[in-house]
Amino acid sequence: MFTALIAGVIVWLLVASRLTARSWEDPGEAGNGGGVAMAPARIGLWVFMAVATSLFSLFLSAYLMRMHHGFWCHVDPPRILWLNTSLLVLASVAFQRARGAVDRGQKGQVRSSLAAGGVLTLAFLAGQFLAWRELAPTMYFIQGSPATASFHLLTGVHGLHVLGGLWAWGRVVARLGGGAELIDVRLGVQLCTVYWHFLLVVWLVLFATLSTT
Amino acid sequence: MAYVAIADRDHGAEHHEPLGFVRTYIWSQDHKVIAIQYGIVAIFVGLVALVLSGLMRLQLGFPDTFSFIDPNDYYQFITMHGMIMVIYLLTALFLGGFGNYLIPLMVGARDMVFPYMNMLSFWVYFLAVLVLLASFFVPGGPTGAGWTLYPPQAVLPGTPGAGLGIILMLVSLGIFIVAFTMGGLNYVTTILQARCRGMTLMRMPLSIWGIFTATILGLLAFPALLVSAIMMTLDATLGTSFFMPAVLSQGETLGHQGGSPLLFQHLFWFFGHPEVYIVALPAFGIVSDLLSTHARKNIFGYRMMVWAIVAIGGLSFVVWAHHMYVSGMNPYFGFFFATTTLIIAVPTAIKVYNWVLTLWRGDIHLNVPMMFAIGFIFTFVHGGLTGLFLGNVTVDVPLSDTYFVVGHFHMVMGVSPVLVLFGAIYHWYPKISGRMWNEALGKLHFWLTFLGTYAIYLPMHYLGILGVPRRYYALGTTDFLPESVHAVNASISIAAFVVAAAQLLFLFNLIWSLRHGERASPNPWRATTLEWQTPDTPPKHGNWGPELPTVYRWAYDYSVPGAAADFIPQNDPGDGRGRTGHGEVKAS
């Protein structure tokens, strides 16, 4: 609900100035009022992140509401999550470096940073998998504690979003490997960077919630 | 630097080479073909749901007559009828069908900004429909949990389709949401980014405003359904306890403990209420354009109409618990949700007044699309007014679970949007197919449908006030109900069969006119919006020929004083004569 409200306020601020136009009064002026001068993929990504934010907020709301019902026992998140978190932070940093390198035109650094970002993210996923394994035997997953089930559900959905990001990353890397110029992958690198920061923020919120409740 | 429309920067002035049959009609990335694909599939499943409702009316009108309908079948019919109509027909046809067809044409773009994803959206939707229909053929049949799928009963043995049926339903919903998200990203991005030169937000036709806002609602609300579908699937398959409390079922304790059925209801209705407006807002937008065009008059209060659409969209997220007054909640919550619910009446009433004022002293052409648009005002006002009753907790509690509610929501979100869909199909059919439909058949279809729906749903309100409960397979001998209730039920059923048969007229008209209809002129309604100004009818792939249109005015310049024709298309630069805000011609 809060997400929806916040999204509503943002959209409102963005469009409020244009919504007061008296469109019936000024025929004859073509003006510049076409679409927003922004790459479609960039708008698409931001809209998608709004959808994903709504999804994760609802999962978290469901988690918090379910907590207050019966048969809930707290589960300490596996310690490996701290390592995983730092891996994802480093991946974000690597993407940020790649983004900077694209702007400076340093092809070598773009390649190495992108590779580092991808490898760190894969390591993060592997770490998450280990965390799953660690929790599975200690508690009954099937018919077991809803806290464990929620842990698997929340990390699983986040992991799927990371996999989606890696697919986009794979496409950028493939284009770069196929000899594309930096200018052709610039947008892709920028969008990956934005998305990785988003994934990191979502993960930090999830991790904080799972650790403190 | 010469202005290059954003929509043209990617495509350039590319020439679309002829593609093979498969890429033109099956794996098509053309928004118009995708729209028609969405339309055909949605209308097909809609017919399945119509047949299901006919079977339900057979049972309700003439209980103890048809041995092939048992209570389990009846619940399965109810569930599938509701789910198909709301999601797979209305949502898909308004957004996937009309959204796809109208957005690029009305904002002056060559196509959606992500055509490949648009194609994928349709095929994933098709998959969702296949999975849904597959549930008719699995052991146990489709789920009979009611379209709200409330746990715990939805997954407990004893409910029809509690095994595979409910799983397939949840999986199908999940797939549908993926399809919708892909389509929705396209609609929002195209409207924001690919508008042609001069098409400011406040020059967009109201159809686009309705579709745009509804898509944003869908993108933010469908995740709630996804969350509940995923959690319920886990409850049903792996035995987790998100929604399932400890249950003693048929003498056995199930493994669940501590889950919260109420949590499901909150999640479901956090999606379910915006869903009403996901269906209603495109209808509001489209009906505004139909009324204005066929009354040859500018829409009354355009800016207010846009704001009302946005306000309704925002408010729709804070009213969901009015579906749960009888589920048990803190009275203060009930008070809060009753207040927000009644506040929605304000922007909605503004829209109704503006529609009526648009008609007032207009040059009304009673074409078939216009008749459906005016019919919509009637059914929507009736359905909306009963909504004011039900929005109050104290009125809702006794009426809840009676036929009053059935009458209300069918009037407001069943019949009303469907009338707009019919109007819209008749209105844009000449552009889509290049042919005109048969007018006499169209008018017959309108009168049978419009009067027929009143014969069906108006008596339901009386049944509800008498206390006839909904969801019952048969009333049996019930002391508090007079004998006349059964007569009314029979007459409702007969009206329902007539209305159902009338839809065959509609289908026949659509299909027959494809070959035998009169050739349509490019702009038979003399409308101002861009889709009527395309160089070809039906528009070719790429829509606009070598150059994109430029927009000089809003979409409602009908009967402009002093103008030569009674309409000025949006891309007409005009003779340089401006108007003041009061519709007077400036003295030059």
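The values are calculated or read from the model by the stated rules, or taken from the named source; none is laboratory data. What you see is a predicted model, and the numbers here were worked out from it, not measured in a lab. Glycine also receives a Cβ, built like all others from the backbone with ideal geometry; neighbour counts cover every protein chain displayed.
Scanning region B:255-292 for residues that are more than 9 Å from every other protein chain (Cβ to nearest Cβ), more than 20 Å from B:Gly314 (Cβ to Cβ) and either outside any helix (DSSP H, G or I) or among the small types (Gly, Ala, Ser) (or both) gives a single hit, B:Ser292.
The residue of region B:464-498 that is surrounded by the fewest Cβ atoms within 10 Å (Cβ to Cβ), among those that are closer than 22 Å to B:Asp73 by Cβ and hydrophobic (A, V, I, L, M, F, W, C), is B:Ala474. In region B:200-221, the residues that are within 10 Å of another protein chain (Cβ to nearest Cβ) form Cβ pairs under 9 Å with partners that are among the aliphatic types (A, V, I, L, M) and outside any helix (DSSP H, G or I), at six or more places apart or across chains, as follows: B:Thr200/A:Ala21; B:Thr200/B:Val551; B:Leu201/A:Ala21; B:Met202/A:Ala21; B:Arg203/A:Ala21; B:Arg203/B:Val551; B:Arg203/B:Ala555; B:Met204/B:Ala555.
Tell me, please, whether a residue that is part of a helix (DSSP H, G or I) and at negative phi can be found in region B:237-246.
For region B:237-246, residues part of a helix (DSSP H, G or I) and at negative phi: present.
On the stretch given as region B:222-238, residues that are surrounded by fewer than 24 Cβ atoms within 10 Å (Cβ to Cβ), under 17 Å from B:Thr159 (Cα atoms) and either facing another protein chain (nearest Cβ under 7 Å) or in contact with a Leu (Cβ under 8 Å, 6 or more places away or on another chain) (or both) total 2. Taken over region B:241-262, the residue count meeting the criterion of being crowded, with 22+ Cβ neighbours inside 10 Å and either among the aliphatic types (A, V, I, L, M) or free of Cβ contacts under 8 Å to residues at least 12 places away in the same chain (or both) is 1.
The set of residues from region A:148-164 being crowded, with 21+ Cβ neighbours inside 10 Å and small (Gly, Ala, Ser) comprises A:Ala149, A:Ser150.
Does at least one position in region B:118-133 carry a residue that is of a type outside the set (D, E, K, R) and not in a helix (DSSP H, G or I)? Within region B:118-133, not a single residue is of a type outside the set (D, E, K, R) and not in a helix (DSSP H, G or I). Return only the number of the condition from (1) under 18 Å from B:Phe380 (Cβ atoms); (2) touching a residue at least 24 places away in the same chain (Cβ under 8 Å) that B:Pro459 does not satisfy. All conditions are met except number (1).
Candidates in region B:546-575 are the residues that are within 31 Å of the chain's Cα centre (by Cα) and hydrophobic (A, V, I, L, M, F, W, C); of these, the one that is farthest from the other protein chains (Cβ to nearest Cβ) is B:Phe567.
The residues of region A:12-41 that are more than 7 Å from every other protein chain (Cβ to nearest Cβ), farther than 23 Å from A:His158 by Cβ and either modelled with pLDDT of 70 or more or part of a helix (DSSP H, G or I) (or both), listed by number, are A:Trp12, A:Leu13, A:Leu14, A:Ala16, A:Ser17, A:Ala39. Kindly indicate whether B:Pro535 is away from chain A (no Cβ under 11 Å), assigned to a loop (DSSP other than H, G, I, E, B), modelled with pLDDT of 90 or more and over 28 Å from B:Arg361 (Cα atoms). Here the answer is yes, as B:Pro535 does meet what is asked.
Looking across region A:56-100 at every residue that is within 25 Å of A:Gln190 (Cβ to Cβ) and of a type in the set (Val, Ile, Thr), the one that is farthest from the other protein chains (Cβ to nearest Cβ) is identified as A:Val93. Screening B:Met305 with (1) within 12 Å of chain A (Cβ to nearest Cβ); (2) modelled with pLDDT under 95 gives one miss only, at (2).
Scan region B:48-71 for residues that are over 17 Å from B:Ser493 (Cα atoms) and either assigned to a helix (DSSP H, G or I) or among the acidic types (Asp, Glu) (or both) and the total you get is 3.
Quick one: count up the residues across region B:415-453 that are of a type in the set (Lys, Arg) and touching a Gly at 6+ places or on another chain (Cβ under 9 Å).
1
Being without any contact (Cβ under 8 Å) to a residue 40 or more places away in the chain, over 20 Å from the mean Cα position of the chain (by Cα) and closer than 19 Å to B:Phe450 by Cα is the filter here, so list the residues in region B:344-365 that pass it. Result: B:Val356, single match. Among the residues of region B:162-173, is there at least one that is in contact with a Gly (Cβ under 6 Å, 6 or more places away or on another chain), in contact (Cβ under 8 Å) with a residue 12 or more places away in the chain and under 23 Å from B:Tyr38 (Cα atoms)? No, there is no match, as no residue in region B:162-173 is in contact with a Gly (Cβ under 6 Å, 6 or more places away or on another chain), in contact (Cβ under 8 Å) with a residue 12 or more places away in the chain and under 23 Å from B:Tyr38 (Cα atoms).
Taking the conditions exactly as written (out of contact with any Leu (no Cβ under 8 Å at 6 or more places or on another chain) and free of Cβ contacts under 8 Å to residues at least 40 places away in the same chain), does B:Ser53 satisfy them or not? Criteria not met by B:Ser53.
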